[in-house]
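Novice: To start, I am sharing the structure in question, which I have written as structure tokens.
Only the coordinates and a few stated rules stand behind these numbers; no lab work does. Note that the structure is a prediction, hence the values are computed from the model and not measured.
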Amino acid sequence: MHSQEMPIGTPTFFNGDIRAINPEAFGFFYCEIIAPDNLLHPIIQLMFKTVNGIRTISPLGNWKDMIFLVKWIML
């Protein structure tokens, strides 16, 4: 991994928005997600396997999951 473009280094624990710590943050993050139960339109979508196939859901509540953070380029 020394000569490849792969993540290396020490993991950093953060609480809140990672861009406050590192504005150039990009990649996969294992997160504890808290979506309030009173949201009318939840925005985080997950793929969920059911007996009828794979469905997309927008859950409420607390869970842990791997999230991919895209680096946005403003033109």
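Novice: Give region 14-23 a look and list any residue that's in a helix (DSSP H, G or I) and either of a type in the set (D, E, K, R) or under 13 Å from the mean Cα position of the chain (by Cα) (or both), or say none. Outline the logic, then answer.
Specialist: Residues of region 14-23 in a helix (DSSP H, G or I): 18-20.
Within region 14-23, 18, 19 qualify.
Novice: Which residues, counting only those in region 24-71, are of a type in the set (Phe, Trp, Tyr) and in a strand (DSSP E or B)?
Specialist: Our first condition is that a residue be of a type in the set (Phe, Trp, Tyr); within region 24-71, this holds for 26, 28-30, 48, 63, 68.
Answer for region 24-71, where residues must be of a type in the set (Phe, Trp, Tyr) and in a strand (DSSP E or B): 28, 29, 30, 48, 63, 68.
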